[in-house]
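Peer 1: Pasting a structure here, questions to come.
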Amino acid sequence: MNLIICQNYDEMSDKAAEILKEQLMNKPDTVLGLATGSSPIGTYERLGNMCKNGELDFSKVTTFNLDEYFPICSSNDQSYHYFMNENFFKHINVKPENTHILNGETDNPTLECARFEDEIEKSGGMDILILGIGRNGHIGFNEPDSTLYASTHMTSLTADTIEANSRFFERADLVPTHALTMGMSTILKAKKILLLANGRSKLEAIKKLLSDDITTNTPATMLKLHPDVTIICDYDAYADVRIGIDIGGMSAKVGVVNNHKIIARKDIPITPESTTASITEDLYNACDEFRKTYHTLSVGIGTPGLIKNDKITASNLPFKDFALGDILSKKLHVQVKIANDANCAALGEQVAGAGKGSKDMILITLGTGIGGGIILDGRIFSGNGSAGEIGHMCIETNGLPCPCGGEGCWEQYASVTALMRQTREAIEKNPDSILADCGKEKVSGRTVFAAIEKGCPVAEQVLDTYLDYLAAGITGLLRIFDITTILISGGLSNAGDALLIPLKEKIKLPCELKVATLKNDAGIIGAAAL
Ligand code: GLP
């Protein structure tokens with residue numbers, strides 16, 4: 001099944017209309033299967049406009065409608081005859097004799113259903129069938145049951161459908177209790193199927209359709225038997241959203257995440273004047289604003305610093321033992337989870353980035369320092385709150401001092417800052433080298449790679465020593481965790497194979513070494529996935 005996920009109803013209608021337009025352009029005598037309900041109205045409106053402005057011609061088109069209430073008179077404004085005429089037929093140049101809707105006034109439903117099946121057969125069969133979906137997973141009026149009918153038949157409606165459709169009637173007791181509908185096999189015989197679903201009320205039905213096995217209890221799952229089904233739905237029908245917040249020293253990035261994709265975002269600046277109260281207020285307002293548009297299940301926050309008992313202490317933020325999650329949760333009335341930002345980035349990569357499919361992995365962020373996150377069995381391993389500080393494992397006794405208070409920490413040897421220091425030291429010793437030339441304006445993490453490209457042996461030596469340190473740390477991690485996937489992120493990961501290939505050679509243990517792919521979005525996606 002193809003799945004097209006749209007922002008909203010309008011986009012869903014645009015996409016569906018485009019697909020139908022293409023169908024009609026390719027085959028002007030298309031046999032169209034049509035649905036009623038609110039889902040296809042926008043599509044019909046667009047097709048009507050296309051017909052009015054001469055883009056589309058329906059004069060050779062034949063139509064068959066999925067279903068009709070029974071008993072109902074075609075002049076009743078709740079009949080599907082009335083619906084089709086009002087919402088579609090009167091806006092297009094289809095010939096009335098080419099439109100077919102089951103007769104809800106018949107005194108012989110069995111015969112009417114057989115006649116209808118025959119008509120479809122005679123037309124050569126439906127080329128494309130537009131479907132909606134009932135919130136209980138019904139298709140047409142094929143209601144959840146232990147058995148389903150193959151061909152067009154009369155059926156009784158479930159209480160759920162009567163209730164759902166009562167919104168169109170003055171009173172629930174006016175909703176007909178029966179209907180005539182194409183059967184599942186009639187539907188599956190259409191050459192192409194286009195299913196439209198929008199809004200929260202369809203969430204469960206779409207979830208079941210996408211994830212459940214084929215079952216008569218969710219008739220829509222039968223569509224899995226068809227080779228050419230396209231589902232077009234909006235975010236609300238596809239899944240709930242979670243808000244992910246990635247707090248940094250300069251800003252907090254707030255994102256609305258749906259199935260691990262960011263669908264809306266807002267940046268909140270953090271300045272030296274920001275206080276715990278102002279940051280909390282800004283985050284609350286951003287979440288509250290998003291909540292009005294998106295049904296929000298939970299909020300996740302990634303923050304720098306230490307998290308102990310859900311309280312944050314971060315040196316570059318005004319957070320000291322600050323229960324941000326708790327405060328926001330009380331104000332927003334949704335669950336709010338907190339984790340370290342690097343850990344969130346690792347989780348983000350695991351659920352949606354280069355680590356997808358690896359339940360155990362470590363993300364190593366090579367930047368000013370070395371950060372990272374350890375994911376074991378699909379979850380952040382945070383120990384007592386601060387696990388994953390891989391940059392501060394000692395790899396050199398009596399080594400270089402580190403701001404953490406330790407000595408010989410890995411980040412003093414294998415971060416980008418360390419590589420830049422090693423580059424500067426080599427330039428001082430080799431002022432006539434290509435490396436010195438490449439770094440004469442400014443030394444960055446890229447200088448050494450630029451010099452290697454120009455064939456500089458001094459730069460090769462610098463990178464070799466640097467990679468020895470980097471590989472030593474990674475080998476240690478692999479020894480301890482025995483995992484298969486290591487991801488590298490941060491500025492240095494842009495070097496790609498120039499970094500990965502020689503690094504791989506120095507790591508003595510088997511592992512998959514990859515560059516992280518989500519870049520700055522990893523933190524938001526990971527926080528939302530908490
Ligand atoms: C009715 C129709 C279905 C339609 C369903 C959903 O029960 N028989 O064909 O798919 O409603 O309607 P809506 O698009 O209004 O949600």
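Peer 1: Please work out how much length the chain gains when fully extended from Ala150 to Asn217, using 0.36 nm per residue of separation minus the C-alpha to C-alpha distance, in nm with one decimal.
Peer 2: Numbers: separation 67, 0.36 × 67 = 24.12 nm, distance 1.48 nm.
So the extension gain works out to 22.6 nm.
Peer 1: Just check region 100-211 against the gyration tensor rule for me: Cα atoms, a ≥ b ≥ c as the square roots of the eigenvalues, rounded for a/c under 1.5, and otherwise prolate or oblate depending on whether a/b exceeds b/c.
Peer 2: Working: a/c = 1.92, a/b = 1.17, b/c = 1.64.
Cα axes put region 100-211 in the oblate bin.
Peer 1: Towards the positive end of the charge dipole of the chain, with charges on Cβ (+1 Lys, Arg; -1 Asp, Glu), say which of Leu487, Gln23, Leu148 has the farthest Cα.
Peer 2: Leu487
Peer 1: Let me ask something else. Answer with one residue from Ser298, Asn343, Cys394: the one whose Cα lies farthest towards the positive end of the charge dipole of region 252-404, charges on Cβ with Lys, Arg +1 and Asp, Glu -1.
Peer 2: The one lying farthest along the dipole's positive direction is Ser298.
Peer 1: Could I ask something else about it? Report, in debye and to the nearest 20, how large the dipole of the chain comes out about its Cα centre when Lys and Arg carry +1 and Asp and Glu carry -1 on their Cβ. Don't skip to the answer; put the middle values down first.
Peer 2: Numbers: 50 positive and 67 negative charges, 198 e Å.
Here the chain has a charge dipole of around 960 debye.
Peer 1: Taking the Cα-to-Cβ direction at Lys330 and at Glu170 and moving 7 Å from each Cα, how far apart do the two end points lie in nm?
Peer 2: Spacing of the two 7 Å Cα→Cβ label points: 5.2 nm.
Peer 1: How big is the gap, in Å, between the Cα center of region 322-358 and the Cα center of region 472-515?
Peer 2: Each part's Cα centre sits 25 Å from the other's.
Peer 1: For Leu376 paired with Asn398, estimate the spin-label separation in nm (one decimal), with each label point 7 Å from Cα along the Cα-to-Cβ line.
Peer 2: 3.4 nm
Peer 1: Can you show me the helix-derived [θ] at 222 nm for the chain, built from DSSP H runs with n ≥ 4 at -39,500 (n - 2.57) apiece and divided by the number of residues, rounded to the nearest 500.
Peer 2: Values: 18 runs with 189 residues, N = 530.
Rounded to the nearest 500, the figure is -10500 deg cm²/dmol.
Peer 1: If eta is 1.306 mPa s and T is 10 °C, what Stokes-Einstein diffusion coefficient results for region 15-96, Kirkwood Rh from Cα pairs, in µm²/s? Intermediate values should be presented prior to the final figure.
Peer 2: On the way: Rh = 13.1 Å.
In µm²/s, the coefficient is 122.
Peer 1: If R0 is 45 Å, what FRET efficiency do you get for Leu500 and Asp29 from their C-beta distance, rounded to 0.05?
Peer 2: 0.20
Peer 1: Nearest 0.05, what FRET efficiency do Asp57 and Glu86 give at R0 = 25 Å with Cβ-Cβ as r?
Peer 2: Values: r = 21 Å, r/R0 = 0.85.
After rounding to 0.05, the efficiency reads 0.70.
Peer 1: Taking Cα atoms, how many degrees apart are the long axis of helix 457-481 and the longest axis of the chain, rounded to 10 and kept between 0 and 90?
Peer 2: On a 0 to 90 degree scale, this one is about 60.
Peer 1: Could I ask something else about it? What is the antiparallel percent of DSSP beta bridges lying wholly in the chain, to the nearest 5?
Peer 2: Numbers: 39 of 82 bridges.
Around 50 percent of the beta bridges assigned by DSSP in the chain are antiparallel ones.
Peer 1: Once you have the Cα-Cα distance between Asp310 and His295, take 0.36 nm times their residue separation minus that, and quote the gain in nm to one decimal.
Peer 2: Working: separation 15, 0.36 × 15 = 5.40 nm, distance 2.49 nm.
2.9 nm is the gain from fully extending Asp310 to His295.
Peer 1: For Leu435, what is the net charge nearby, where nearby means another residue's Cβ is under 15 Å from its Cβ and Lys, Arg count +1, Asp, Glu -1? Could the numbers behind the result be given before it?
Peer 2: Numbers: positive: Arg421, Arg424, Lys429, Lys440, Lys442, Arg446, Lys454; negative: Glu425, Glu428, Asp432, Asp437, Glu441, Glu453, Glu460, Asp464.
Residues close to Leu435 contribute a combined charge of -1.
Peer 1: Once the dipole of region 137-263 is set up with Lys and Arg at +1 and Asp and Glu at -1 on Cβ about the Cα centre, which of Asn217, Asn259, Leu203 lies farthest towards its positive end?
Peer 2: Among Asn217, Asn259, Leu203, the one farthest towards the positive end of the dipole of region 137-263 is Asn259.
Peer 1: Give the angle, between 0 and 90 degrees and rounded to the nearest 10, that separates the Cα long axis of helix 276-293 from the longest principal axis of the Cα atoms of the chain.
Peer 2: 20 degrees
Peer 1: Can you give the extra length, in nm with one decimal, that the chain gains between Arg479 and Asp432 once fully stretched, where that is 0.36 nm per residue apart less the Cα-Cα distance? Don't skip to the end; give the middle numbers.
Peer 2: Details: separation 47, 0.36 × 47 = 16.92 nm, distance 4.11 nm.
So the extension gain works out to 12.8 nm.
Peer 1: Among residues other than Ala414 whose Cβ falls under 12 Å from its Cβ, what is the net charge (Lys/Arg +1, Asp/Glu -1)? Mind showing how you got there, number by number?
Peer 2: Details: positive: Arg421, Lys506; negative: Glu396, Glu411, Asp468.
Local charge sum for Ala414: -1.
Peer 1: Roughly what would the spin-label model give for Lys356 and Glu22, points 7 Å off Cα along C-beta, in nm?
Peer 2: Taking the simple label geometry, Lys356 and Glu22 are separated by 2.2 nm.
Peer 1: Separate question: For the chain, which whole-number percentage of the solvent-accessible area (1.4 Å probe, protein heavy atoms only) is attributable to carbon and sulfur atoms? Could you put the intermediate results ahead of the total?
Peer 2: Details: 11840 of 23910 Å².
After summing per-atom areas, the C and S share lands at 50 percent.
The values are calculated or read from the model by the stated rules, or taken from the named source; none is laboratory data. Quantities reported herein were computed from a predicted structural model and do not represent experimental measurements. Neighbour counts are summed over all protein chains in view; Cβ atoms, including those assigned to glycine, are modelled from backbone coordinates with ideal geometry. The protein model used for the area step is the full one, side chains on, heavy atoms only, and it has no ligands, DNA or RNA in it. Shrake-Rupley method; radii C 1.70, N 1.55, O 1.52, S 1.80 Å.
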